[in-house]
Amino acid sequence: MTNRVEPETFDTSQYHDDCVTILREKHWLSFLKKFNGNNEEVTKQFAFTFNGEKALIGNFSFIILEDTIPQTLGISPEGENYFKTKKFKEKSWTQFMSRLRVSSANWKKGVPRSWLIHPWDEMVYIIQKFVTCEGCYSIVYLYHIKLLLHLNGQCTISLPYFL
């Protein structure tokens with residue numbers, strides 16, 4: 001049985017055109033298209049052997065560091081150093097959420113993805129599935145919103161901090 005956290009092939013036909021347009025404009029589409037399936041055994045070996053710097057898959061050992069990720073993926077290492085536990089003060093997240101739900105948001109526990117308006121609800125799903133590799137697609141946290149702000153052109157971040 002495949003673990004749902006493993007990225008699948010990114011197929012643009014599964015998502016709304018407006019989401020694909022946003023991803024294309026922000027140059028994320030080429031990154032997402034690099035996913036062409038998964039291998040459960042490789043994923044398990046990686047998870048069991050990765051020590052924060054190196055991983056071992058079969059007889060192949062390789063280094064994974066903050067500066068090697070953007071080189072390998074062909075993405076810019078520039079941007080704000082950001083981690084999923086870092087809070088931000090601005091209330092710019094309200095633009096992605098139904099106005100009826102804004103006052104009920106509890107970011108310590110996260111909010112249901114269904115509270116986001118389209119296309120941002122689907123964009124969070126794509127982020128959770130392919131960028132942050134979440135196990136639960138129904139809950140949204142502030143670090144997902146930070147990525148939405150980037151896609152919406154309101155901040156600059158560096159993707160490797162989420163990988």
Region 112-126 residues that are of a type outside the set (Val, Ile, Thr), paired with ones that are part of a helix (DSSP H, G or I) and at pLDDT below 90 (beta carbon under 7 Å, 6 or more apart): 116/96; 119/22; 120/96; 120/148; 123/22; 123/148; 123/151
Hits in region 22-73 - residues which are at pLDDT 85 or above, of a type in the set (Val, Ile, Thr) and surrounded by 13 or more Cβ atoms within 10 Å (Cβ to Cβ): 22, 57
Residue in region 102-116 that is within 25 Å of residue 11 (Cα to Cα), under 12 Å from the mean Cα position of the chain (by Cα), among the aliphatic types (A, V, I, L, M) and crowded, with 16+ Cβ neighbours inside 10 Å present: no
So residue 137, is it in a loop (DSSP other than H, G, I, E, B) and open to solvent by less than 40 Å² (accessible area, probe 1.4 Å): yes
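The values are calculated or read from the model by the stated rules, or taken from the named source; none is laboratory data. No experiment lies behind these values; they were computed from the predicted model shown. With ideal geometry, Cβ positions are generated from the backbone for all residues, glycine too; neighbour counts draw on all protein chains shown. When the accessible area is computed, the model is the full protein with side chains, heavy atoms only, and any ligands, DNA or RNA have been set aside. Shrake-Rupley method; radii C 1.70, N 1.55, O 1.52, S 1.80 Å.
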